[in-house]
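The values are calculated or read from the model by the stated rules, or taken from the named source; none is laboratory data. Since the structure is predicted, the reported quantities are computational estimates derived from the model, not experimental observations. All Cβ positions, glycine included, derive from the backbone under ideal geometry; neighbour counts span all protein chains shown. Just the protein is used for accessible areas: all its heavy atoms, side chains included, with ligands, DNA and RNA removed. Shrake-Rupley method; radii C 1.70, N 1.55, O 1.52, S 1.80 Å.
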Amino acid sequence: IIKKQVEFKAYRVEGSPKKEIVDFAEENDIDLIVMGSTGKGAIDRVLVGSTASYVVNHAPCNVMVVK
């Protein structure tokens, strides 16, 4: 559906998702990161860590978290 409305490119990287997202944004001069929220509770977030939270705090650009 989106192919006809928005120009985009897909990339595949391997490693820690939160670090790879931030590194990719830095290396490619990204203006905006749009990502989903996991919706985990406070206990899960403390134990597991939150990718969205890490990206928001470390990204070199704006981050839009969609629930």
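Assorted remarks:
- Test: residue in the stretch 29-51 that is at pLDDT 90 or above, polar (S, T, N, Q) and exposed (fewer than 14 other Cβ atoms within 10 Å of the Cβ): no
- Pairs with Cβ under 6 Å, 6+ apart, first in the stretch 49-67 and touching a residue at least 24 places away in the same chain (Cβ under 8 Å) and among the hydrophobic types (A, V, I, L, M, F, W, C), second surrounded by 15 or more Cβ atoms within 10 Å (Cβ to Cβ) and part of a loop (DSSP other than H, G, I, E, B): 61/30
- Neighbours by Cβ (under 8 Å, 6+ apart or cross-chain): first from the stretch 1-30, within 14 Å of residue 59 (Cα to Cα) and assigned to a loop (DSSP other than H, G, I, E, B); second open to solvent by less than 70 Å² (accessible area, probe 1.4 Å) and not small (Gly, Ala, Ser): 30/24; 30/61
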